[in-house]
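Take a look at the structure below.
The values are calculated or read from the model by the stated rules, or taken from the named source; none is laboratory data. The model shown is predicted, which means the values in this text are computed figures rather than measured ones. Heads up, the Cβs are rebuilt from the backbone with ideal geometry, glycines too, and the neighbour counts pull from every protein chain shown.
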Amino acid sequence: MLKVALDFDCVLADTITVWVQIYNKKYGRSIKRSDIIEWNLCKLLGISEDAMWEIFHLCWTEWENLPPMEDNICVGVEQIRKMSLTDVVTSAKFSYIESIRLWLDSIGIKSINIFSKSEKAGLDYDIFIDDNPSTALSVSECGKICLLYDQPWNKKVHSNNIIRINYLSDAVSYINKSITRRL
């Protein structure tokens, strides 16, 4: 059976929108989500790594404030789960797994495995659905497929085995075609 690794932040949950709101309040700025055009937030915004992670900490611990990336995203996840062995694989620290589980449960995604892994490319999955440009490139270099969830910070990433998607329904279509080709 096909194995799919599904990222959490900015694929399922729109973490960056909440991150930007907290950043703006804390630093008296008025940046927009669309201004986040680079993965390296520290470099882009001139903040320390500790400051960046402090804001992510607030995002994950106040999980009730995280909007889903799409309306009815649980439907897309369920369709993917019907076609493959699907796990949520996030680079969020292990200590936030319970918050992620509560968020997933709250939007109707139940009984799914969640793993915390910063380096994903070497994991035993056939397809990765992610927004991180570095992960996409690493996955591609391993000869695996990355369905890159289109975001302002990954626009410059292009490589073999990277397929850009705008919605989980695009991933559902790709996975369905992959299964059909295997038969």
All positions within region 130-145 that are buried (at least 16 other Cβ atoms within 10 Å of the Cβ) and outside any helix (DSSP H, G or I): Asp130, Asp131, Asn132, Lys144, Ile145
Exactly one of (1) surrounded by fewer than 18 Cβ atoms within 10 Å (Cβ to Cβ); (2) at positive phi is unmet by Ile47. Its number? (2)
Flagged in region 164-183 as among the β-branched types (Val, Ile, Thr) and surrounded by 16 or more Cβ atoms within 10 Å (Cβ to Cβ), in numbering order, are Ile165, Val172, Ile175
So which of Ile127, Ile109 is closer than 21 Å to Asn65 by Cα and crowded, with 17+ Cβ neighbours inside 10 Å? Ile109
Please go through region 4-46 and pick out each residue that is in a loop (DSSP other than H, G, I, E, B), free of Cβ contacts under 8 Å to residues at least 24 places away in the same chain and of a type in the set (A, V, I, L, M). Ile31
Pairs, first closer than 19 Å to Asn40 by Cβ and at pLDDT 95 or above in region 129-154, second surrounded by fewer than 22 Cβ atoms within 10 Å (Cβ to Cβ) and basic (Lys, Arg), C-beta under 8 Å, six or more apart: Pro133/Lys156; Leu148/Arg164; Asp150/Arg164; Pro152/Arg33
List, please: which pairs have Cβ atoms under 9 Å, are six or more places apart or on different chains, and start with a residue in region 166-181 that is in a helix (DSSP H, G or I) and end with one that is basic (Lys, Arg)? Asp170/Arg164
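Which residue out of Tyr96, Tyr167 is under 18 Å from Ile16 (Cα atoms), touching a Gly at 6+ places or on another chain (Cβ under 8 Å), not β-branched (Val, Ile, Thr) and not assigned by TED's automatic domain parsing to the domain that holds His57?
Working: Tyr96 fails: touching a Gly at 6+ places or on another chain (Cβ under 8 Å).
None of the other options fit; the residue is Tyr167.
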Given the conditions (1) touching a Phe, Trp or Tyr at 6+ places or on another chain (Cβ under 7 Å); (2) closer than 26 Å to Leu147 by Cβ; (3) part of a helix (DSSP H, G or I), report the number of the one that Val88 does not fulfil. (3)
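Assess whether Lys110 counts as being free of Cβ contacts under 8 Å to residues at least 60 places away in the same chain, among the basic types (Lys, Arg), out of contact with any strand residue (DSSP E or B) (no Cβ under 7 Å at 6 or more places or on another chain) and not in a helix (DSSP H, G or I).
So Lys110 passes the test.
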